[in-house]
Structures are given as structure tokens and as C-alpha cells.
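I have a structure here, written as C-alpha cells, and I will follow up with some questions on it.
The values are calculated or read from the model by the stated rules, or taken from the named source; none is laboratory data. All values reported here derive from a predicted model rather than from experimental measurement. Reconstructed Cβ throughout: ideal geometry from the backbone, glycine too, with neighbour counts over all protein chains shown. Just so you know, the surface numbers come from the protein's heavy atoms only, side chains and all, with ligands and any DNA or RNA stripped out. Shrake-Rupley method; radii C 1.70, N 1.55, O 1.52, S 1.80 Å.
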Amino acid sequence: MHNHDILIRLRYALDIKNKDMVEIFKLGEIEVTREEVMQMLTKPKDDYYDEYDDDMDEAEDGVNCNNMMLESFLNGLIIFKRGRQEPKPGQPQSQAPAVKNKESVNNILLKKLKIALTLTSEDMIDILEDAGVMITKGELSAILRKVGHRNYKECGDRYARNFLKGLALKYRG
């Protein structure tokens, strides 16, 4: 699943307005205009492009949402929904990017949505169940673990896509 697909589905599921999208990016420390947001939310005419080419800042059809922009948006969504958290003494002011490669995008998406929407593991399991996907608490725990942990499991597009579908059913249904 491409980053622009994630943004489109997330915007629909949570019913986020265009001006709020710009504000969320700003909270995530990325300055974008409303027009750039609209270009990110438009599927390219040719939806086939190299999904591993995350260095592109602009696609032929407009602005491409790379991994860094998506993670900044998700960080901004946390602040938008829950407020800014002051760092504890001795903690760095800003975090290092969590998305290292294309594979971990879905894991980061689920982790950050869990935080932003104050969901419990049971809530996440129910959301996935509403979308028709059965997952155990152990499998979900493995997806939410840090990369490198011995029980870490990569989250596939199926879980991410169905989680976003379940969010749409919960918040818009």
C-alpha cells in the first residue's frame, strides 16, 4: 500500500478536513499548503510507480508523500488528537524517525494510530474484526513491538488496509 493510499484512507476514516490536514502536517513539523495536501490526496493517473523510491519529493502529478512525511503526519495526528507532550528531563527534544524502510511503515502506522486514538489492544482487535480480519492478541502484540525484538512481526498491507477500513466503519459507520 502506498503512502498516499494510507493518507487518503486515514483522512476518510477519521473525517479529517483539508485545513486540519495542513494543521496536522504543521504539528508534525512539515510545512505544506492546502494545494500540496490536495495533490497528496489525489491518486496518480498512473498508479504504478516504484514503491521503493522514497527519495522523490515530487511526482509528475504533484507532491509525493514519502515515509518521512507520512511519519510526520502521524506524529502531528497524535499531537492534534491528544495534545503536545513535554519531554521528560534527559529525553531528546525530537525523536529519530522510526520508519527505516518500506516494510516498517504499516507497523508504525498501527502503533501511532493506537496512540493518537487512545486505543487498547482489544479495541484494535475489534476494529480489525469489524473489517473481517481475525487476529489474536499475541499476533497484534508482535506487530506493535519494536524492530529487532525477538517476537517482532512485520505488518502486512492486509492488516493495515483492513485496520483503516475498520476505522472507517467505526468512526463513519
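Can you pick out the pairs among LYS88/LYS146; LYS88/LYS137; LYS81/LYS153; LYS112/LYS170 whose Cα atoms lie more than 24 Å from each other?
The pairs that break the limit, which is 24 Å between Cα atoms, are LYS88/LYS137; LYS81/LYS153.
Could you order the peptides 33-43, 156-166 from most to least packed, using the average number of other C-beta atoms within 10 Å per residue?
Packing order, densest peptide first, comes out as 156-166, 33-43.
So, one more: On the full set of protein chains, 1.4 Å probe, figure out the accessible area of ILE125 and give it in Å² to the nearest 10.
30
Using a 1.4 angstrom probe and counting only protein chains, how large is the accessible area of TYR152 in Å², to 10?
Estimated to the nearest 10 Å², TYR152 gives 60 Å².
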